[in-house]
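J.: Got a structure for you, written out below as structure tokens; questions coming shortly.
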Amino acid sequence: ELDEVGAEVLPRRTPTPAWLPTAKGEEGDFCLRSSDCAAGLCCARHFWSKICKPVLREGQVCTRHRRKGTHGLEIFQRCQCAEGLACRLQREHGPSDASRLHTCQRH
């Protein structure tokens, strides 16, 4: 009798939904926000879903957003530059307007 009463008093444990990740997502895993992804990754749009993508390193092409809120309009989002790096216009040796490419560069 005691076992049955004790079991009723304990809260029932509900299983974790299958869509809820139990560990931090790796590159290519679906996510809702960057905190769902492992260290060194961010959650960014890829077509019509969001996946964990690598944070950008020095020299990699980045996207500079002139207006706040335009990041959400991209079909293929890039992560931001890693800590200590900024997305800046790539320095070219040719004419100043030859390239509008931005890369992650040290501050």
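J.: Which residues' amide hydrogens lie under 5 Å from the amide hydrogen of residue 62, considering only partners 5 or more residues apart or on another chain, with H built in the peptide plane?
T.: Under 5 Å from the amide H of residue 62 lie the amide H atoms of 102, 103, 104, each far enough along the sequence or on another chain.
J.: Give a residue-ordered list of calculated ³J(HN,Hα) values for segment 35-48 (Karplus: 6.51 cos²θ - 1.76 cosθ + 1.60, θ = phi - 60°; whole Hz; x for Gly, Pro).
T.: Values, residue by residue: 5, 6, 9, 5, 4, x, 10, 10, 8, 9, 5, 9, 6, 9 Hz.
Read the figures in this text as sums done on the coordinates, not as results from a lab. Every value quoted in this text rests on a predicted model; they were computed, and no experiment measured them.
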